[in-house]
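Engineer: Have a look at this one before I ask anything.
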Amino acid sequence: MPGPATERIGAAAARHGIHLVIGVIERDRGTLYCTALTFGPDGGLLGKHRKLMPTGSERLVWGFGDGSTMPVHDTPIGRIGTVICWENYMPAMRMHMYSQGVQLYCAPTADPRDTWVASMQHIACEGRCFVLSANQFTRRSDYPADYPVDAEPDAVLSRGASVIVDPLGTVLAGPATGGPAILRAELDLGRIAEGKFDFDAVGHYSRPDVFELRVDQSPKRPVV
């Protein structure tokens, strides 16, 4: 990566003139990684994030990311960062993102529970950032016939619940659970500055005389 697949995705972003964050399965040699890619409106690949901690049985399939792929991208529409699924429950990971000045905090997930929406509201309020969480809506008919799930074709396997939240925790769009949907909201980055006047997790509320977080952003190569 990059390669033919990212070129096709980038071309789609360029065709529509959009910033695009998308989850993929990345293969590096013989190992698979759960990865999020960020593209600019010119179709260029701005960067990637490999999930640090595969969840549960994911560890049977996916490798572990390291600290070298936790970027926040400075773009004309704001500073974009991505944290994948249950990584969002890692307080140190969130603090690292806040320290990079993330404004558009993307949280792709497969967790459709009400508690996930509450977590996105908490993160938005904690980080004083906009949170955009995309979740999957799927029915049994979306999967191959030999997929090992005994359910009617119209049965909902994942209800979605994508959501957009503002820096004070107010839900601007969603959670969308009724079917496939595209959420839209106008985001005023001035709301971030407004919110940080009274709370800044990595600023005047951080108490560095008491707490300290060290982040190793170096790549961990098996052979040096």
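Quick note: the coordinates plus some simple rules give every number you see, no bench work behind them. Quantities reported herein were computed from a predicted structural model and do not represent experimental measurements. Methodologically, a virtual Cβ is constructed for each residue, glycine included, from the backbone with ideal geometry; neighbour enumeration extends over all protein chains shown.
Engineer: Select from the stretch 82-133 those trypsin sites (Lys or Arg not before Pro) which occupy a DSSP coil region and have at most 15 other Cβ atoms within 10 Å, ordered by residue number.
Structural biologist: Here the trypsin sites (Lys or Arg not before Pro) that fit, given the DSSP loop and packing criteria, are 113.
Engineer: Something else: Could you size up the charge dipole of the stretch 1-69 around its Cα centre, putting +1 on the beta carbon of Lys and Arg and -1 on that of Asp and Glu, and report it in debye to the nearest 20?
Structural biologist: I would put it at about 100 debye.
Engineer: Working out 0.36 nm times the residue gap between residue 199 and residue 32, then minus their Cα-Cα distance, what length gain in nm do you get to one decimal?
Structural biologist: So the extension gain works out to 56.2 nm.
Engineer: Work out the charge dipole of the stretch 70-210 with +1 on the Cβ of Lys and Arg and -1 on the Cβ of Asp and Glu about the Cα centre, then indicate which of 206, 95, 131 is farthest towards its positive end.
Structural biologist: Of the candidates, 206 comes out farthest on the positive side.
Engineer: Now, a different point. Rg/Rh for the stretch 1-117 to two decimals, with Rh computed the Kirkwood way over all alpha-carbon pairs.
Structural biologist: Using only Cα positions, Rg/Rh for the stretch 1-117 is 0.96.
Engineer: So if I restrict to the alpha-carbon atoms in the stretch 75-188, what is the Rg, and what is Dmax, the biggest pairwise distance, in Å?
Structural biologist: 15.4, 47
Engineer: Could you tell me the convex hull volume per residue, in Å³, taken over the Cα atoms of the stretch 1-54?
Structural biologist: Spelled out: Cα convex hull of the stretch 1-54, divided by residues, is 65 Å³.
Engineer: While we're here: Per residue and in cubic angstrom, what volume does the convex hull of the Cα atoms of the chain have? Before the final figure, lay out the partial values.
Structural biologist: Values: hull volume 34.7 nm³, N = 224.
Enclosed volume per residue, from the Cα hull, is 155 Å³.
Engineer: Let me ask you something else. For the chain, which longest stretch is free of loop sites, where a loop site is one of the GluC sites (Glu not before Pro) that DSSP puts outside H, G, I, E and B and that has at most 12 other Cβ atoms within 10 Å?
Structural biologist: Longest site-free region, per DSSP loop and neighbour criteria: 1-185.
Engineer: Pick from 81, 43, 30: which is most flexible by mean-square fluctuation in a GNM of the chain where alpha carbon atoms under 10 Å apart are linked?
Structural biologist: 30
Engineer: Tell me, what is the Rg over Rh of the stretch 35-93, with Rh the Kirkwood radius over Cα pairs? Don't skip to the end; give the middle numbers.
Structural biologist: Values: Rg = 12.7 Å, Rh = 12.5 Å.
The Rg/Rh ratio comes out at 1.01.
Engineer: Given +1 on the Cβ of Lys and Arg, -1 on the Cβ of Asp and Glu, and no further charges, what dipole in debye does the stretch 70-210 carry about its Cα centre, rounded to the nearest 20?
Structural biologist: 180 debye
Engineer: Would you work out the Kirkwood radius for the stretch 71-112? I mean one over the mean of 1/r across all pairs of different Cα atoms, in Å.
Structural biologist: Working: mean 1/r = 0.0948 Å⁻¹.
Roughly 10.6 Å, rounded to one decimal.
Engineer: Now, a different point. Can you tell me which of 135-142, 197-204 comes out highest on packing, and rank the rest after it, using the mean Cβ neighbours within 10 Å?
Structural biologist: Numbers: 135-142: 16.8, 197-204: 13.0.
Peptide ranking by packing, descending: 135-142, 197-204.
Engineer: Show log10 I(q)/I(0) for the stretch 159-202 at q = 0.17, 0.27, 0.30 Å⁻¹, two decimals, from a solvent-free Debye sum over equal Cα scatterers.
Structural biologist: Relative scattering, expressed as log10 I(q)/I(0), comes to -0.56, -0.92, -1.04.
Engineer: Could I ask something else about it? Using +1 at the Cβ of each Lys and Arg and -1 at the Cβ of each Asp and Glu in the chain, identify which of 195, 31, 10 lies farthest towards the dipole's positive end.
Structural biologist: So the residue we want is 31.
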